[in-house]
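Peer 1: Quick one: the structure is below, questions incoming.
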Amino acid sequence: MATPPHRTAEAPTGAEAGTPGSGVLPDCRVEYFAARPTGPPDGARTRRDLALLDDGIRVRVLYPHSVRTDPAFLGYASMLSEAGGEIRTVDRLPAPVAVLDRSVALLPVGPPGSEPVEITAAPVVDQLLWTLAFTWDHGWRCPDAGEPEELRTAILGMLANGDKDETVARRLGMSVRTCRRHVASIMADLNAASRFQAGLLAARGGLLGPPPEP
């Protein structure tokens, strides 16, 4: 299976942060957990994801909500789901990262296209894994046509923040027209005279979900 090259960073004991590696992806035997801020993946990455699943490895991948309206991404998501993979989307992802078997992290360093650095320092890997898991727990399944409550909560939260329709639509990966239709429906259900009032009523009524864990 073709794999991208990478560099290696050992535990912080005075060694350099990254040194040239062998060009071979570390063995992944149990789980591949990744966050990808852009999509859809290219053909090579799709084949790698499917090959991992063929080997019996659990594959979980995070993407931003904005990819949910991309036909190419939805095709990839369907293939991965049918093969046993799991995809969720969230509001935003700051940077790409992958954690293999909860013990090795691959983190790109430098400009786009740079070789990823292999991180084996346990405290760093554990922190990256915790961040991925926390983000995963707040994600939406994809593909999945039944997420009205999650969508409603996300829109209400952004209304409470005073976000404009264009901002809400962009962050949720939908057209402005579709976004305005959702907002109008929510305002009617809450009998709100304005977008901000809808968010305020939702917050007072406990409709924005539980507060984030510290």
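The values are calculated or read from the model by the stated rules, or taken from the named source; none is laboratory data. Just so we're clear, the structure is a prediction, and the values are computed from it rather than from any experiment. Note that each Cβ is placed from the backbone with ideal geometry, even for glycine, and that neighbours are counted across all protein chains shown. These area figures cover heavy atoms from the full protein model, side chains too; ligands, DNA and RNA do not enter into them. Shrake-Rupley method; radii C 1.70, N 1.55, O 1.52, S 1.80 Å.
Peer 1: If you add up the charges near Leu80, with Lys and Arg at +1 and Asp and Glu at -1, over every other residue whose beta carbon is less than 9 angstrom from its beta carbon, what do you get?
Peer 2: My count for the surroundings of Leu80 gives -3.
Peer 1: In whole Hz, with x marking every Gly and Pro, tabulate ³J(HN,Hα) for segment 156-171 from phi via Karplus 6.51 cos²θ - 1.76 cosθ + 1.60, θ = phi - 60°.
Peer 2: 4, x, 6, 5, 5, 7, x, 5, 7, 4, 4, 5, 4, 4, 5, 6
Peer 1: Let me ask you something else. What does the accessible area of Trp130 come to, in Å² to the nearest 10, when a probe of 1.4 Å is used?
Peer 2: Per-residue accessible area (Trp130): approximately 130 Å².
Peer 1: Let me ask you something else. Give the separation of the Cα centroids, segment 89-107 to segment 186-203, in Å.
Peer 2: The distance from the Cα centre of segment 89-107 to that of segment 186-203 comes to 36 Å.
Peer 1: Would you tally the net charge around Val176, using a Cβ to Cβ cut-off of less than 14 Å, leaving Val176 out, and scoring K and R as +1, D and E as -1?
Peer 2: Result for the local shell: +4.
Peer 1: While we're here: Does segment 48-96 come out rounded, prolate or oblate by the C-alpha gyration tensor, with a ≥ b ≥ c the root eigenvalues, rounded set by a/c under 1.5 and, if not, prolate when a/b is larger than b/c and oblate if not?
Peer 2: Verdict is oblate for segment 48-96.
Peer 1: While we're on this one: Name the residues whose placed amide hydrogens come within less than 5 Å of the amide hydrogen of Gly139, ignoring near sequence neighbours (fewer than 5 apart) on the same chain.
Peer 2: Here the answer is none, since no amide H 5 or more places off falls under 5 Å of that of Gly139.
Peer 1: Using per-residue counts of other Cβ atoms within 10 Å, averaged over each peptide, order 190-196, 64-70, 171-177 from highest down. If you can, show how the numbers build up before the last one.
Peer 2: On the way: 190-196: 14.0, 64-70: 18.7, 171-177: 16.1.
In decreasing order of mean packing, 190-196, 64-70, 171-177 become 64-70, 171-177, 190-196.
Peer 1: Karplus couplings for segment 130-136 from phi (6.51 cos²θ - 1.76 cosθ + 1.60, θ = phi - 60°), rounded to Hz, Gly and Pro as x?
Peer 2: Per-residue couplings from phi come out as 4, 4, 4, 5, 4, 5, 4 Hz.
Peer 1: Charges only on Cβ, +1 for Lys and Arg, -1 for Asp and Glu: so what's the dipole of segment 23-146 about the Cα centre, in debye to the nearest 20?
Peer 2: 200
Peer 1: Same structure again: In terms of modelled amide H atoms, which long-range or inter-chain residues lie less than 5 Å from the amide H of Glu31?
Peer 2: Arg58, Asp101
Peer 1: Tell me, what ³J(HN,Hα) does each residue in segment 116-129 have, in order and in whole Hz, if you take phi through Karplus 6.51 cos²θ - 1.76 cosθ + 1.60 with θ = phi - 60° and put x for Gly and Pro?
Peer 2: x, 9, 8, 10, 10, 5, 4, x, 5, 4, 4, 5, 5, 5
Peer 1: Moving to a separate point now. What length, rounded to one decimal in nm, is gained on full extension from Leu200 through to Glu82, with 0.36 nm per residue of separation minus their alpha-carbon distance?
Peer 2: 38.4 nm
Peer 1: Counting only other residues whose beta carbon sits under 15 Å from that of Tyr32, what net charge do I get with K and R as +1, D and E as -1?
Peer 2: Surrounding charge for Tyr32 is +1.
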